[in-house]
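Let me begin by presenting the structure, written as structure tokens, before commenting on it.
The values are calculated or read from the model by the stated rules, or taken from the named source; none is laboratory data. Quantities reported herein were computed from a predicted structural model and do not represent experimental measurements. Don't worry about glycine lacking a Cβ; one is built from the backbone with ideal geometry, like all the others, and counts go over all protein chains shown.
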Amino acid sequence: MQRIRDTDRLTESRLTIRNYTKFSVSKQGTFLGRDTPDSVPSVRKMPERGYSVTGLDPDRTVKCAGRELRISPKASVELCRTIRGMKLPEAKKLLERVIEKKVAVAYRHYHKEVPHRRNLTEPFYAGRYPQKAAGRLLRLLEELEANAEYRNLDTERLKIIHAAAQRANKIPKRNPRAFGRSDLLQGTTTHIELVGFEAE
């Protein structure tokens, strides 16, 4: 009986190897069957996202983007509004001070029930210390600086001419409750776009 089982396993493995020969590789690098045409890939493509700013000089501008970041959209909007128009070294120093809670970011748009702060970046009354969003934005500024160095641009003269944040897709989550139930939660994500321009 043991010999018969071993022979059955051998025949099964040969059958699986023969079934693998029915598939071919398309030009896109995906596996296709015999009945599938080459024009229809079996794997979905990633979405192609552009930038919300147009008409840029490609020789003097550099771009960077973060997609579906797990940070607050409101904090991202206020931070982008704060660093817009700054030089790159100034923006990096400001974000580092925000992370250390030495400077607060003014919440001009989303200021409902926001506490008052003294050490604000601009004359206003409401502000916060968005440490998580500031840390992620600081990493994006470092990526923008690396892109500028790769393109032989002067990072000291690099000015942030475009900084925008948009709400991204919701991430479904579950919060366990009593008696085997659960509540549906939706985590927020954010898109951030940065564009730097080498000023004269």
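Taking first residues from segment 96-123 that are under 15 Å from residue 134 (Cβ atoms) and partners that are in a helix (DSSP H, G or I) and acidic (Asp, Glu), the Cβ contacts under 8 Å between residues at least 6 apart in sequence or on separate chains come to 105/78; 106/78; 107/78. Scoring residue 190 on the criteria (1) at pLDDT 95 or above; (2) among the polar types (S, T, N, Q); (3) surrounded by fewer than 18 Cβ atoms within 10 Å (Cβ to Cβ) leaves a single failure, condition (3).
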